[in-house]
Amino acid sequence: MVIRNGQQTQLKGEVFYPAPEVIEAAHIPDRDRVAAEAQQNLAEFWGKIATENFEWYEPWERVLDDSNEPFYEWFVGAKVNIIHNALDRHMRTETRNRAAIIWEGEPGDRRVYTYQMLNHEVSKFASVLRALGVGKGDRVTIYMGRVPELVVAMLACAKIGAIHSVVYGGFSTEALLQRIEDSHSKVLVTQDGAWLRGNIVELKKIANEALERAGTIQTVVTVKRTGQDVEMVHGRDYWYHDLMTQPIAVASTPTEVMDAEDPLYILYTSGTTGKPKAILHTHGGYMVGTATTLKWVFDIRPDDVWWCAADPGWVTGHSYIVYAPLVLGATGFIYEGAPTYPYPDRWWELVERYGITILYTAPTAIRGLMRFGESWPNRHDLSSLRLLGSVGEPINPEAWRWYYRVIGKERTPIMDTWWQTETGMFMITPLPSMPLKPGSATLPFPGIDVDVVDDEGKPVEPNEEGYLVIKNPWPAMLRTIYGDPDRYVQQYWSRFEEQGWYLPGDSARKDEDGYIWVIGRIDDVIKVSGYRLGTAEVESALVSHPTVAEAAVIGVPDELRGNVIRAYCILRQGYEGSEKLEQELKEHVGHEMGPIAKPVSIEFVRDLPKTRSGKIMRRVLRARALGQDVGDLTTLAD
Ligand code: WT7
């Protein structure tokens, strides 16, 4: 065994040490030295990185402006466009001919885009968008599956300074509608359908339904993928391939010169209450933060084939499928379909065929593949893999060990990266040279100051649970909630306002070695298969059904999916709970929100536990569902 589970250092618990060859081969700096440097002078640390690794049209006046906290600004006064770094500059070097994206469709069709080809496509689509009236600062909603055109659409928006708002292709009508309306998007880019497990997800049909009620969209661009008949509205709807062969599709489109702090995109994510929040990221800081973290944590090199198996519709895909790898000039692999289709070894076949060197996925996917046993991965040559990664929720040690032993053959360290839509980049994560503990995301990335504190903000004792807090700003941090700056302050900066700390909304423990163990959300966010869902959104989907008067949903632990949703409904007068209605309500949530939001069970109740001020006490429901003590009930109304 190359990596040994040894006793040589004093680290406590189950520890995996990287092999000397992993440490030596990794082109990454020494963590402790760099972390010390960053601690000494944060602005100098990021400023040096930003100077050495990226191209700016004009330099900044200040690396960090904290005069108006928590509205931090980075690389203030600099001119840049992330596309200049992700595409334009590569046209001048041999990277031009390197594969940017290797793609395989679920039916088995394959495409490769070199940087040159990708740039060509992006430039043309950027000029199409311009011709459709999209300008700097305009919002474009993108509702697609995992196809290369999704990446092209995102990059084309960025190139002309438009703000993309990608809506995950697994969401449905209501979720899409809300996000279009909140962002006031002008243009929607979608596709006829997406392949999933041999079936077609009818994206255009869902989009059409949403557009019956969404007033802001003037133009819809549809990519042809699955080929079934779809309804096209005359004067509003165009085919991507038609537009791309028109004279309006010009390959020499210039890249818009942007301020470093100009918006790059918004991405909706679920919070504690109410509607989803539009998290805003910018061109300059986001570029520096995402590319630097990817380079150091996954040690990306020119000959790597990097596979981030997330969906581009979530932040993982934005940062680590689309932007960071392209800025680094890396080769990324994208697979369209389901991991187990048509057989449970589809992923392993892909690793073998493309010689994937780094695989980054979610614990839920690992657990899902684990169920099918070792014989499926063992049929394939997985020896190209040299690093593995995990993200989205705490990884349970059994899944960690399986991933490490069966997929990594005990050679490949596992980078368990903790971060959020809001943070934009990895925050707590190992580097390949660090000793690992299964289930811990280890230590903060250099320059990130993290702690675990109690109600008053005092650090808790080792191994005790507390609030995770982030004590200083970082370049890829969200800048605000688009259209709702008050909520930005309230949601993230008010809990420890005096100290000026950011509250991610997770609870955690820190062990005696300083390793951080993230436990889970402290708010009403539920992580289902790593997807972030808000109780409020699922509840409002339920009450939009004519039979439901009130609804409450909770997350309960599930072996495969991390958590599943349980719902409690009070029916309107004259309706009776039944198995048939339960089924109908599940389908309704699926139709409104998307399949991932479907409750596993719905209980029909007469009452819901509420505080005197009328807030549903989900804690009481959860304790009851799990057969635990319901705890302090003094605030319960009845
Ligand atoms: C929440 C953020 C960041 C990309 C995907 C999710 C949980 C994320 C880990 C991890 C334990 C994790 C947290 C966090 N989470 N990564 N490695 N270990 N928990 O982004 O949808 O914004 O969700 O995911 O609870 O707050 P997101």
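The values are calculated or read from the model by the stated rules, or taken from the named source; none is laboratory data. Only a predicted model underlies this, so the values are computations on that prediction, with no experimental measurement involved. So basically every Cβ, Gly included, is an ideal-geometry build from the backbone, and we count neighbours across all protein chains shown. In case anyone asks, the SASA skips ligands and DNA or RNA and just uses the protein heavy atoms, side chains included. Shrake-Rupley method; radii C 1.70, N 1.55, O 1.52, S 1.80 Å.
Which net charge results for the neighbourhood of residue 576, defined as the other residues with beta-carbon distances under 15 angstrom from its beta-carbon, given Lys and Arg at +1 and Asp and Glu at -1?
Taking every Cβ under 15 Å from that of residue 576, the sum is -1.
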Computed accessible area, residue 27, all protein chains, 1.4 angstrom probe, square angstrom: 130
Label-point gap, in nm, between residue 460 and residue 68 - each point 7 angstrom along Cα→Cβ: 3.6
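Past 25 Å, Cα to Cα: identify those pairs from 275/610; 277/598; 136/295; 224/586, in the order given.
Details: 275/610 21 Å; 277/598 21 Å; 136/295 30 Å; 224/586 30 Å.
Going by Cα-Cα distance, 136/295; 224/586 fall outside the 25 Å limit.
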The stretch 1-157 shape via C-alpha gyration tensor axes, a/c threshold 1.5: oblate
Mean-position separation - Cα centroids, the stretch 247-293 and the stretch 330-365, in angstrom: 27
Amide hydrogen neighbours beyond the local backbone of residue 163, cut-off 5 Å, H modeled: 137, 138, 139, 140
Length-normalised contact order of the chain in % [C-alpha pairs under 8 Å, at least 6 apart]: 13
Average accessible area per residue (Å²) across the chain - probe 1.4 Å, nucleic acids and ligands excluded: 39
Rounded if a/c under 1.5, otherwise prolate or oblate - the stretch 136-287, Cα gyration tensor axes: oblate
Förster radius 45 Å - calculated FRET efficiency between residue 379 and residue 200, Cβ distance, rounded to 0.05: 0.95
Projected area, mean over directions - the stretch 316-363, Cα convex hull, nm²: 3.8
Carbon/sulfur fraction of accessible area - the chain, other protein chains in place, 1.4 Å, %: 48
Accessible area of residue 443 in the full protein assembly, 1.4 Å probe (Å², nearest 10): 30
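So how do 105-111, 341-347 stack up, highest first, on mean other-Cβ count within 10 Å?
The most tightly packed comes first, giving 341-347, 105-111.
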Theoretical gain in end-to-end length, residue 116 to residue 252 [0.36 nm per residue, Cα-Cα removed]: 47.7 nm
Packing-based ranking, highest mean first, of 492-500, 460-468, 331-339 given that Cβ atoms within 10 Å are counted: 331-339, 460-468, 492-500
Amide H within-cut-off set for residue 100, under 5 Å, with H built and near neighbours excluded: 113, 114, 115
HN-Hα J in Hz across the stretch 495-511 - Karplus 6.51, -1.76, 1.60, θ = phi - 60°, x for Gly and Pro: 4, 10, 4, 4, 7, x, 9, 8, 9, x, x, 10, 9, 7, 10, 10, 8
Beta bridge orientation in the chain: antiparallel %, DSSP, nearest 5: 55
Scattering curve values for the stretch 437-567, log₁₀ I(q)/I(0), Debye with Cα scatterers, q = 0.13, 0.20 Å⁻¹: -0.69, -1.26
Extension reserve of the residue 637-residue 573 stretch, reckoned as 0.36 nm per residue once the Cα distance is removed: 20.8 nm
Formal net charge of residues neighbouring residue 28 (Cβ-Cβ distance under 10 Å; K, R +1; D, E -1): 0
Net charge contributed by nearby residues that have their C-beta within less than 12 Å of residue 239 (K/R +1, D/E -1): -1
Aspartates and glutamates with Cα under 15 Å of residue 186, excluding same-chain neighbours fewer than 8 positions away: 138, 212, 237
Mean ellipticity per residue at 222 nm, deg cm²/dmol - from DSSP H runs of n ≥ 4 across the chain, formula -39500 (n - 2.57): -7500 deg cm²/dmol
Segment residue 44-residue 396, extension gain: residue separation times 0.36 nm, minus the distance between their alpha carbons: 123.0 nm
Backbone HN-Hα couplings from phi across the stretch 359-366 [Karplus 6.51/-1.76/1.60, Hz, Gly and Pro as x]: 10, 10, 8, 10, x, 5, 5, 5
Cα→Cβ-extended label distance, 7 Å offset, between residue 543 and residue 494, nm: 2.0
Nitroxide proxy distance, nm - points 7 Å out along Cα→Cβ at residue 32 and residue 607: 6.0
Residues residue 91 and residue 239, FRET efficiency given R0 of 22 Å [Cβ-Cβ distance, rounded to 0.05]: 0.20
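Taking a ≥ b ≥ c as the square roots of the eigenvalues of the Cα gyration tensor of the chain, is the shape rounded (a/c under 1.5), prolate (a/b larger than b/c) or oblate?
The shape class here is rounded.
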Estimated Rh, the stretch 222-377: Kirkwood, alpha-carbon pairs, angstrom: 18.9
The stretch 513-638: radius of gyration over Cα atoms, expressed as a fraction of 2.2 N^0.38 Å: 1.10
Part-to-part distance (alpha-carbon centres) for the stretch 393-464 and the stretch 508-555, which is given in Å: 21
Long-range amide H partners of residue 449 with built H, under 5 Å: 471, 472
FRET E, pair residue 507, residue 484, Förster distance 25 Å, beta-carbon r, rounded to 0.05: 0.45
